[in-house]
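The values are calculated or read from the model by the stated rules, or taken from the named source; none is laboratory data. In this text the structure is predicted, and so the values were computed from the model without any measurement. Backbone-built Cβ (ideal geometry, glycine too); neighbour counts: all protein chains shown. Ligands, DNA and RNA are excluded from the accessible area calculation, which covers all protein heavy atoms including side chains. Shrake-Rupley method; radii C 1.70, N 1.55, O 1.52, S 1.80 Å.
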Amino acid sequence: MDEDSKPLLGSVRAGEYYTDSLDPKQRRPFHVEPRNIVEDSLAQERVSAEAAVLSSRVHYYSRLTGSSDRLLAPPDHVIPSLEDIYVYSPLGTAFKVQGGDSTAKNPSIVTIFAIWNTMMGTSILSIPWGIKQAGFTLGIIIIVLMGLLTLYCCYRVLKSTKSIPYMDTSDWEFPDVCKYYFGAFGKWSSLIFSLVSLIGAMVVYWVLMSNFLFNTGKFIYNYVHNVSSSDIFGTNGTDRVICPYPDVGPHRNSSSLLNDASSENSTGLVFDLWWSKTNTIPFYLIALLLPLLNFRSASFFARFTFLGTISVIYLIFLVTYKAIRLGFHLQFHWFDYSNQFFVPEFRSLFVQLSGVLTLAFFIHNCVITLMKSNRHQENNVRDLSLAYLLVGLTYLYVGVLIFAAFPSPPLFKECIEPNFLDNFPSSDVLVFVARTFLLFQMTTVYPLLGYLVRVQLMGQLFGDHYPGFLHVFLLNVLVVGAGVVTARFYPNIGSIIRYSGAICGLALVFVLPSLIHMVSLRRRGELRWPSALFHGLLILLGGANLLGQFVM
């Protein structure tokens, strides 16, 4: 009886909106052909007696099989066009379908830029630093190679649902595929590593929001009180570039540079006491963001996701403008460490860039969902490849221009910060606009990330995305606490990104997609040694990438 009470045309929830679905998996397996539509005296379209009998017969057959069994479901090729579909009401009335999936699908260009916008996160701020760590020439090579490797692994994730025979996988996600092949271990491992990537991103956001809020407040304070920041070590002129921490050792990191009173350019004793990048501002953000994380729905914040695109476009404009104003400062020293103003073209710290890029090119946990909305499913591989090409070109453009335009001499290339905006003074108006944009964007995206963490974790533990206020509040306190502690004691986004990227990338980028592909081929008897060798090397590469983050 429960089956009979279901609507003939299902509704699929998309965000906060409900749209009619014409997917044959969602629609009850019956449609009314136009020849079976009759009109009564009231000129109302109704179903003929023959069509009503056929409907009852098909409903009876459908109850003989499981919901996922397609044996008695009508094949896709007999589903009529949108204009010919009528939905049969139990009252005998036939309703012509208006709209459908064709209106909900996106063209290829929209899908490509959706993937580009999703991948363009905080990692773009660390690409110049990563190139400096690897060396200019080797850095460019690694960006290209990591882009190709992560694209292939993403392709394997996209195709993973198609390798499962005799089952309807149309609504499956990658954790479902992992569970099919590896049981509960596969499901929980994919979930845990996905949570690592999300929580790592939230920690990076907290560090960056503390940074941007500090510099925004400092800009306003200096402007109101007419305070000059000329005592910071850096270049002169209107387009100043600074070296916040003149210690130029190649293994320098922000954890040893927390005495920021001097580097933050003291503006006033009281102001510096209450407006500190690491001592106070990470705690101020708690009052703003912790309440937002407890909302039941994140639909309000989803309306501001377009700010990410605006922020990236503005960053590209800012980088272009600064490069034109500063000019290029390059010298090629292949293995020579004697010139302190430049870095060699090949450096042993290249693994730090590969860790950053693993997260920068990471979209593997949601690529299946994103590609479902593509109007032409046969173009999925092409559109995914074009999206990765666009992402890689964006990273190369920003990273190469910032590295090449960094004025050395008089400064050192080692001065390039993990957040390249830190190489510009807080008094720079264009950079102030960029920080303000990014601060507001991250304030709206942060609750979305928290919502995803809650949905994935609470859904698995309690079967409910919001099991209770106390459960949600405790989870949010733990996540916020991780961000506050990191922003207070280790505000180095480059290291945070590379560690979290290498950890989640080990499972979701390299190991699980490769293992699933090899197991699928083996079950079909098609696994050959070249494929096994190549995918085994991918797994070893992921492990070496993670190990290198702790060695270098």
Inset, instruction - Return the long-range amide H neighbours of Asn106 (sequence gap of 5 or more, or a different chain), with a cut-off of under 5 Å between placed amide H atoms. - result: Asn374, Arg375
Legend entry - Surface share of carbon and sulfur [accessible, 1.4 angstrom probe, percent] for region 162-218: 67
Inset, instruction - Sort region 278-331 into rounded, prolate or oblate with this rule: let a ≥ b ≥ c be the square roots of the eigenvalues of the Cα gyration tensor; rounded if a/c is under 1.5, and if a/c is not under 1.5, prolate when a/b is larger than b/c, oblate otherwise. - result: oblate
Inset, instruction - Using a cut-off of under 15 Å, list every residue of region 156-181 whose amide N is near the label point 7 Å from the Cα of Ile192 along the Cα-to-beta-carbon line. - result: 179
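Beta carbons within 10 angstrom, averaged per residue: use that to sort the peptides 428-437, 269-278, highest first. Show your work: numbers first, answer last.
On the way: 428-437: 17.9, 269-278: 15.5.
Ranking the peptides 428-437, 269-278 by packing returns 428-437, 269-278.
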Inset, instruction - Apply 1/(1 + (r/R0)^6) to the Cβ-Cβ distance of Ser385 and His333, taking R0 = 35 Å, and write down the FRET efficiency to the nearest 0.05. - result: 0.50
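Return the inverse of the average 1/r over all pairs of distinct C-alpha atoms in region 164-210, which is the Kirkwood hydrodynamic radius, in Å to one decimal.
Details: mean 1/r = 0.0812 Å⁻¹.
The answer is 12.3 Å.
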Inset, instruction - Could you work out how far the C-alpha centroid of region 147-164 sits from that of region 191-208, in angstrom? - result: 23
Legend entry - Point-to-point label distance, Thr305-Ile324, nm (Cα→Cβ direction, 7 Å offset): 3.3
Inset, instruction - Please work out how much accessible surface Asp168 shows to a 1.4 Å probe, ignoring ligands, DNA and RNA, in Å² rounded to 10. - result: 40
Inset, instruction - Quick one: which residues, 5+ away or cross-chain, put their amide H under 5 Å from the amide H of His329? H built at 1.01 Å from N. - result: Ala405, Phe406
Legend entry - Residue pairs, from the table Lys162/Lys372; Lys105/Lys187; Lys105/Lys179; Lys159/Lys179; Lys105/Lys372, whose Cα atoms sit over 18 Å apart: Lys105/Lys187; Lys105/Lys179
Legend entry - For region 363-389 and region 427-459, distance of Cα centres in Å: 25
